[in-house]
Amino acid sequence: MTRSRCIPVVMALAALAAPAVAQAQSQTDTFALNRFNPSERGSDWFANESLDLRGHVRPFVGVVGDWGYKPLVLYGPDGDVVSAIVRHQIFAHVGGGLILWERLRLGASMPLLVYNKGATRTTANGTFTSSNGTTIGDLRLGADVRLLGEYGGPFTMAIGGQAFLPTGNEDAFASDGKVRLQPHLLGAGDLGPFAYAAQLGFAYRPHKGQLDDGKFGNEMTFAVGAGLRLLDKKLLVGPELYGSTVARKGSVLKKRTTPTELILGGKYQVASGVRVGGGIGPGLTRGFGAPRLRVLAALEWLPDIVEEKPKPPSDRDHDGIIDSEDACPDVAGERNEDPQKNGCPPPTDRDGDGIFDEDDACPDEAGKPDEDPKKNGCPPSDRDGDKILDEDDACPDEPGEPNEDPQKNGCPPPTDRDGDGILDEVDACPDEPGAPNDDPKKNGCPLAQVRESKIIILERVEFETNSAKLLANSDVILNAVLKVMEDHPELTKISVEGHTDNRGGVGHNLGLSKRRAASVVKWLVSHGIDVKRLQSQGFGLKRPIDTNDTEEGRQNNRRVEFHIIEKDGKPVPQGDAK
């Protein structure tokens with residue numbers, strides 16, 4: 001057989017060169033021979049992708065039969081075929097997958113080596129053979145994402161990749177024995193009846209050996225297809241060219257490292273979603289794995305996308321005006337040149353006051369026009385019945401009396417609930433009689449009052465400086481405390497507590513606070529309070545209520561407090577009343 005007639009994938013050996021044979025022996029049992037990498041099932045092509053990624057949770061499944069004749073032969077020094085190590089390889093590529101979100105495709109393909117037949121060739125330097133029989137190839141997993149375009153449009157592009165897992169039989173030339181990865185860029189489109197497809201990829205192939213003058217390793221892959229869509233686009237027929245070249249120095253586009261094939265084929269949709277196809281073509285180079293002849297057959301299923309017929313324009317209120325033009329789509333109306341009124345019923349005036357409901361703030365009560373949209377069409381209102389209209393009434397929900405002050409007109413006269421002569425509106429304690437005070441927070445409040453677990457005093461208990469002697473002006477506040485205790489006999493135990501600022505020693509301040517608390521107890525007992533109802537404590541500077549960095553703060557910390565310990569003989573929980 002002459003060199004010009006040899007089209008299969010080449011596995012070259014120099015029969016008389018022992019070193020080359022030894023190198024070949026180390027490589028022939030560790031590479032995947034078949035160069036046909038079928039498209040995902042459901043594609044309109046055999047080697048290219050038509051990129052029909054429409055639908056969501058759209059499955060696809062199918063099988064592609066693949067017969068390669070003489071994909072691996074030995075050549076002698078003169079270029080003639082010596083022997084076919086692999087004469088026949090028949091694969092059934094069983095695959096399927098899922099299309100998601102109108103954009104993502106996940107697929108898997110398992111090549112079943114149905115038939116593998118070849119010869120054993122022994123030379124003076126080695127023996128080369130292929131395992132015959134049925135086995136499996138490398139499982140292929142793939143994923144592609146549509147980047148732009150739509151199926152059937154002038155241009156669709158996707159990016160993705162495939163991983164080949166080493167599940168195949170190496171002795172049958174069905175596996176490299178290592179994981180292979182192949183990212184790729186895909187394109188396809190239709191221009192009238194003319195269809196085309198192309199892809200460009202890079203195959204990471206860790207097999208780095210050499211056979212004669214042909215090297216193995218990473219590859220650049222390519223495929224192109226062109227054809228015509230016939231029979232109402234159910235048939236696509238045309239040629240496809242695909243191949244690869246080893247991306248190693250001295251191997252790029254060399255005939256032994258650039259297997260290339262040409263397939264003339266077609267696929268026809270025989271029923272909804274079901275395609276059958278066939279193809280045939282030669283290998284064009286002596287690259288490893290390109291057969292003398294390849295024959296393909298396919299049976300695949302990819303459910304059709306049923307396009308919904310456009311619905312007639314909606315007219316919910318059945319007034320003959322479609323919703324997109326109807327300003328009142330849920331209420332039957334009449335045509336109007338004003339787009340904001342078109343399809344709306346004519347204006348109404350339910351209360352008959354001559355003001356249309358759409359402008360009437362009170363459409364169910366006859367009223368009068370008003371420039372204020374919130375009052376237009378409303379009758380005059382007097383909710384509290386004090387004969388002062390609400391619009392002039394500062395207190396429209398409380399009967400009141402006229403007043404020249406607009407902020408008081410229609411409001412009730414000021415009150416003094418506790419009868420202390422201080423009106424409630426300025427009385428800080430409107431329910432307890434008290435005395436006037438320049439401090440708004442104390443005005444009208446009693447000097448001493450029970451609040452939760454304390455007797456709160458509004459004035460300070462005063463002592464002579466650095467002394468426990470009470471000043472005469474303390475009698476006013478102590479008399480107020482005395483009255484509270486007389487009025488509340490249920491307060492059976494009161495703790496009088498003394499506190500100081502931080503000036504002076506800790507021990508001195510503690511003693512001073514104790515003596516001052518005792519002086520207050522002594523004063524109360526001397527004025528008729530049973531000593532059993534009182535106890536005294538001093539805390540010195542331990543419990544400040546203000547900063548000690550200012551005079552005002554220190555003055556606030558120098559204080560006497562009255563804590564209610566027992567009420568009717570029962571303990572009272574201590575709170576934070578102020």
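Annotations
- Hey, ALA195 under 32 Å from the mean Cα position of the chain (by Cα), in the same structural domain as GLY238 (by TED's automatic domain parsing) and touching a residue at least 60 places away in the same chain (Cβ under 8 Å) or not: no
- Taking each residue of segment 43-72 that is touching a residue at least 60 places away in the same chain (Cβ under 8 Å) and looking for partners that are assigned to a loop (DSSP other than H, G, I, E, B) and of a type in the set (Lys, Arg) with beta-carbon atoms closer than 7 Å, six or more apart or interchain, yields LEU53/ARG103; PHE60/ARG41; VAL61/ARG41; GLY62/ARG41; TYR69/ARG292; LYS70/ARG292.
- Filter result for the condition that a residue is surrounded by 15 or more Cβ atoms within 10 Å (Cβ to Cβ), among the charged types (D, E, K, R) and farther than 16 Å from HIS499 by Cα, over LYS483, LYS454, LYS442: LYS442
- Some residue of segment 221-243 being surrounded by 23 or more Cβ atoms within 10 Å (Cβ to Cβ) and not in a strand (DSSP E or B): no
The rows are residues; the columns are (1) at pLDDT 90 or above; (2) within 30 Å of ARG87 (Cα to Cα).
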site: LYS249; (1), (2): no, no
site: LYS254; (1), (2): no, yes
site: ILE263; (1), (2): yes, yes
site: VAL274; (1), (2): yes, no
site: TRP301; (1), (2): yes, no
site: HIS318; (1), (2): no, no
site: SER324; (1), (2): no, no
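- Candidates are the residues of segment 134-166 that are hydroxyl-bearing (Ser, Thr, Tyr) and part of a loop (DSSP other than H, G, I, E, B); the one that is modelled with the lowest pLDDT is THR134.
- Taken together, ILE529, ILE565 contain a single residue that is over 57 Å from the mean Cα position of the chain (by Cα) and assigned to a loop (DSSP other than H, G, I, E, B), which is ILE529.
- Counted residues, segment 282-325 - those being touching a helix residue (DSSP H, G or I) at 6+ places or on another chain (Cβ under 9 Å) and of a type in the set (Ser, Thr, Tyr): 1
- ILE494 being in contact (Cβ under 8 Å) with a residue 60 or more places away in the chain and under 27 Å from GLY569 (Cβ atoms): yes
- Candidate set from segment 83-120 (those that are farther than 19 Å from GLU300 by Cβ and among the β-branched types (Val, Ile, Thr)); member that is surrounded by the fewest Cβ atoms within 10 Å (Cβ to Cβ): THR120
- Taking every residue in segment 500-522 that is assigned by TED's automatic domain parsing to the domain that holds PRO544 and pairing it with any residue that is surrounded by fewer than 18 Cβ atoms within 10 Å (Cβ to Cβ) and of a type in the set (Phe, Trp, Tyr), at least 6 positions away or on another chain, the pairs with Cβ-Cβ distances below 7 Å are SER513/PHE539.
- Scan of segment 32-46 for residues that are in contact with a Ser or Thr (Cβ under 9 Å, 6 or more places away or on another chain) and either farther than 11 Å from VAL64 by Cα or among the acidic types (Asp, Glu) (or both), ordered by number: ALA32, LEU33, ARG35, GLU40, SER43, ASP44, TRP45
- For segment 311-334, the condition holds for no residue, the condition being that it is within 16 Å of ASP44 (Cα to Cα) and loosely packed, with under 13 Cβ neighbours inside 10 Å.
- Residue in segment 279-295 that is within 15 Å of GLY68 (Cβ to Cβ), over 48 Å from the mean Cα position of the chain (by Cα), of a type in the set (Ser, Thr, Tyr) and crowded, with 16+ Cβ neighbours inside 10 Å present: yes
- So LYS249, is it surrounded by fewer than 18 Cβ atoms within 10 Å (Cβ to Cβ), over 40 Å from the mean Cα position of the chain (by Cα), more than 21 Å from MET157 (Cβ to Cβ) and assigned by TED's automatic domain parsing to the domain that holds PHE164: yes
- Filter result for THR465 (without any contact (Cβ under 8 Å) to a residue 60 or more places away in the chain, polar (S, T, N, Q), in a loop (DSSP other than H, G, I, E, B) and closer than 15 Å to VAL560 by Cα): yes
- Qualifying residue in segment 120-133 (condition: on the phi < 0 side of the Ramachandran plot and modelled with pLDDT of 85 or more): no
- ALA163 being in contact (Cβ under 8 Å) with a residue 24 or more places away in the chain and either within 29 Å of the chain's Cα centre (by Cα) or within 16 Å of ARG35 (Cα to Cα) (or both): no
The values are calculated or read from the model by the stated rules, or taken from the named source; none is laboratory data. It should be emphasised that the depicted structure is a prediction, and the values quoted were computed from it without experimental measurement. Heads up, the Cβs are rebuilt from the backbone with ideal geometry, glycines too, and the neighbour counts pull from every protein chain shown.
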